[in-house]
Amino acid sequence: MVDWEVATLGGGPADGLTVRVVDRPSVLQVVYPCAVDTPASEAQVQALYVYRRRNGEPLSYGFDAATP
């Protein structure tokens, strides 16, 4: 049986989003799709945002703006 735990994301584009995680990972990545304007392209582009686990309770993750 998997023990899911609720976490809240703080800051950045996913501010306030709640997610369920297992084993309290140290880093989460959030992706949002981007529009591709080149008509013949089959490329898929996503914007990537990194959230790092904060210390303390309740479980939460903070936006890491320094991650490239």
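Pull up the range 22-56, narrow it to residues that are open to solvent by 100 Å² or more (accessible area, probe 1.4 Å), modelled with pLDDT of 95 or more and in a loop (DSSP other than H, G, I, E, B), then point me to the one that is nearest to Val2 (Cα to Cα).
Across the range 22-56, the extreme among qualifying residues is Asp23.
Residues of the range 1-14 being exposed (fewer than 12 other Cβ atoms within 10 Å of the Cβ) and either touching a Gly at 6+ places or on another chain (Cβ under 6 Å) or assigned to a loop (DSSP other than H, G, I, E, B) (or both), which ones?
Result: Met1, Val2, Asp3, Trp4, Pro13.
Considering only the range 57-68, how many residues are under 11 Å from the mean Cα position of the chain (by Cα) and either assigned to a strand (DSSP E or B) or among the β-branched types (Val, Ile, Thr) (or both)?
The number of residues fulfilling the criteria is 3.
Going by the conditions given, is Glu5 touching a residue at least 24 places away in the same chain (Cβ under 8 Å) and of a type outside the set (Lys, Arg)?
yes
The values are calculated or read from the model by the stated rules, or taken from the named source; none is laboratory data. This structure is a prediction, so every number in the text was calculated from the model and none was measured. For neighbour counting, all protein chains shown are included, and Cβ atoms are generated from backbone atoms with ideal geometry for every residue, glycine included. For accessibility, only protein heavy atoms count, side chains too; no ligands or nucleic acids. Shrake-Rupley method; radii C 1.70, N 1.55, O 1.52, S 1.80 Å.
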